[in-house]
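Asker: Let me give you the structure first, and then I'll get to my questions.
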Amino acid sequence: MPDPPGGAVPAARPIWLVTFDLYDTLIELDPPRWVRLAAACARHGLPADPDALRAADVVAEDYYTEENGRHPIRDRPAAEREAFRLRHTARWLAAANLPHDPDTAGAIRRSYLSEFEVKADGDRHYPYRVFDDVLPALARLRAAGLQTAVISNADADVTALCTEHAFAAEMDLIVTSALVGWEKPDPRTFRAALDPLGVAPAAALHVGDQPRSDIVGARGVGMRAALLDRYHRHRPGAHAVPYVAGLLELADLVLST
């Protein structure tokens, strides 16, 4: 595909680049985190509906986005990181109308983490799966001549994770916030993809599942945005961008623009 001009984009091809959030957009925990949290609650005699926890997860994720944007969680002292994680768990439980006092939140968090395999080096292994629509959607976009990239808020380089799930080769660039030094919604995180690929913000669209990081961040830098609502958790019309339920629907949207 020829390089787009720095300003206007030809009417026949208004979008030259599609960037993707990673977690809950391209991959998800398997089983999902709200199923794991419900199981952790059950182990402590606390009945919890996974669907209610899935809906409440939006509140917890908004809190994470606000705190992480203020000061990245990974850069905080260990004690402060753990204190934040406990507050995050408490907010998640509270949003699901479950007990969320410090003792309960701490016990549930410890039980939740115990489900994950601990490797010899002390790091936890989080099993992910790639969504079924990822590779077909990428194939459609790239066959039409568009560039594609990942922009992820993550504590370590996600390139290996993308490679493990067989879509890294379909990306022109993979941006990890920990490596570039800024977290979405900071405009510089998005610029870390736009500038190397030579694409003006107006000629790019970002898709993700987090309104406060993906949608606010993309629009703040001048990109278009689409909200991916795989789990049907967002109120229709609450955000002034297109909603899509999957990435094939996103490809239809982009290619019809």
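Every number in this text was worked out from the coordinates using simple rules, so none of it is lab data. What you see is a predicted model; the values in this text were computed from it and never measured. FYI the Cβ positions are ideal-geometry reconstructions off the backbone, even for glycines, and counts take in every protein chain you see.
Asker: I want to check the label-to-label distance for Ala169 and Ser256. Put each point 7 Å from Cα in the C-beta direction and report it in nm to one decimal.
Answerer: 3.2
Asker: Give me the one-decimal nm value for the distance between modelled label points at Asn97 and Arg188, 7 Å along each residue's Cα-to-Cβ direction.
Answerer: 4.4
Asker: Could you give the length gained on full extension between Arg233 and Val35, defined as 0.36 nm per residue of separation minus the Cα-Cα distance, in nm?
Answerer: The Arg233-Val35 span can extend by a further 69.8 nm.
Asker: Can I ask one more? Starting from the Cα-Cα distance between Leu179 and Asp75, subtract it from 0.36 nm times their residue separation and give me the gain in nm to one decimal.
Answerer: Using 0.36 nm per residue and subtracting the Cα-Cα distance, I get 36.2 nm.
Asker: While we're on this one: Can you pull the one-decimal nm distance between simple spin-label points at Asp157 and Glu66, each 7 Å off the Cα toward Cβ?
Answerer: 3.5
Asker: Tell me which label goes with the value of Kirkwood radius over Cα pairs in Å computed from the coordinates here: [x] 18.6; [y] 19.2; [z] 22.4.
Answerer: [y]
Asker: Based on DSSP, what percent of beta bridges with both residues in the chain are antiparallel, to the nearest 5?
Answerer: Approximately 20 percent, going by the DSSP bridge assignments.
Asker: Which residue, Thr89, Thr148, Thr163, tops the fluctuation ranking in a GNM of the chain built on C-alpha contacts under 10 Å?
Answerer: Thr163
Asker: Compute the length gained on full extension between Val59 and Leu46: take 0.36 nm times their separation in residues and subtract their Cα-Cα distance, giving the result in nm to one decimal.
Answerer: Value of the extension gain: 2.7 nm.
Asker: What ranking of Ser213, Ser177 emerges when the number of other C-beta atoms within 10 Å of each C-beta is taken as an exposure proxy, fewest first?
Answerer: Ser177, Ser213
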